[in-house]
Amino acid sequence: MNARSPAFMVEIRFMLILATLCAVLLLLTRAGIGSRADQSLTAIRAAGEICGIDLPQDSAEAVKVFDRHFVLRSRGRFQFWQSSNKTGLWLCQARGAGMWAEITLLFAYDSTHRRIVGLRVLEQNETAGLGDRIGEEDFYGQFDELEAANGVEMKAIRIHGNQFDAVSGATITSRAVETLLNRALRHLAVIPVEVAGGSEVRP
């Protein structure tokens with residue numbers, strides 16, 4: 001037993017050193033690539049469309065322009081970026097369950113006027129010809145300047161400024177969009193307070 005102890009301790013030390021090196025490498029990689037790691041080129045192009053930002057065709061240049069306009073504030077299933085130029089403008093990339101698989105949305109939110117500026121569907125795998133129509137302009141165009149002070153609401157007949165129409169025959173998918181947006185808006189409500197308090201990027 002005693003004869004094996006020194007070898008065991010050497011193995012433990014080796015594993016600890018290896019784990020430390022991996023952690024340092026991960027931190028250096030994150031620091032080197034910054035917010036780009038959290039945003040796909042598809043999302044960057046969608047953000048440019050929504051916010052009226054003229055992005056270069058070159059991918060690397062488009063990323064640089066995006067990084068000049070937005071600062072990453074929170075990572076995770078709900079990722080938030082704050083505009084560097086427009087007070088109160090936020091971007092959110094949100095992921096959540098659809099009918100068959102995850103849906104990923106990107107939307108811009110004006111916290112000053114409490115409106116969704118615009119929305120795009122980045123990823124979805126919903127029923128062809130039904131739920132997948134959330135990726136069409138007829139659906140996502142409804143969210144341009146949609147009131148969101150008290151969340152958004154899917155309704156068959158729109159009466160209030162925070163309501164949108166479901167895709168015909170795809171109520172479950174449309175309800176998933178409603179749920180995802182409202183969760184993201186609740187998360188976003190606390191981000192500016194943390195930013196004002198000098199918080200770092202939330203994990």
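Only residues that are loosely packed, with under 14 Cβ neighbours inside 10 Å and either β-branched (Val, Ile, Thr) or more than 20 Å from Asp144 (Cβ to Cβ) (or both): list them for the stretch 41-63, please.
Thr42, Pro56, Gln57, Asp58, Ser59, Ala60, Glu61
For the stretch 114-135, state whether one or more residues are over 17 Å from the mean Cα position of the chain (by Cα), in the same structural domain as His187 (by TED's automatic domain parsing) and of a type in the set (S, T, N, Q).
For the stretch 114-135, residues over 17 Å from the mean Cα position of the chain (by Cα), in the same structural domain as His187 (by TED's automatic domain parsing) and of a type in the set (S, T, N, Q): present.
Does Leu119 satisfy the criteria of being modelled with pLDDT of 95 or more and touching a Cys at 6+ places or on another chain (Cβ under 9 Å)?
no
Of everything in the stretch 68-81, what is among the basic types (Lys, Arg) and part of a loop (DSSP other than H, G, I, E, B)? Give them in sequence order.
Of the stretch 68-81, the ones among the basic types (Lys, Arg) are 68, 73, 75, 77.
Selection gives Arg75, Arg77.
If Ala97 satisfies every condition in (1) under 19 Å from Glu147 (Cα atoms); (2) out of contact with any Gly (no Cβ under 8 Å at 6 or more places or on another chain); (3) aliphatic (A, V, I, L, M) but one, which is the exception?
All conditions pass for Ala97, except number (1).
Taking the stated definitions as given, is Ile103 within 13 Å of the chain's Cα centre (by Cα) and at pLDDT 95 or above? So that I can check it myself, show each step before the final result.
Details: within 13 Å of the chain's Cα centre (by Cα): yes; at pLDDT 95 or above: yes.
Answer is yes for this residue.
The values are calculated or read from the model by the stated rules, or taken from the named source; none is laboratory data. Every value quoted in this text rests on a predicted model; they were computed, and no experiment measured them. No Cβ is skipped: glycine too gets one built from the backbone with ideal geometry, and neighbour counts run over all protein chains shown.
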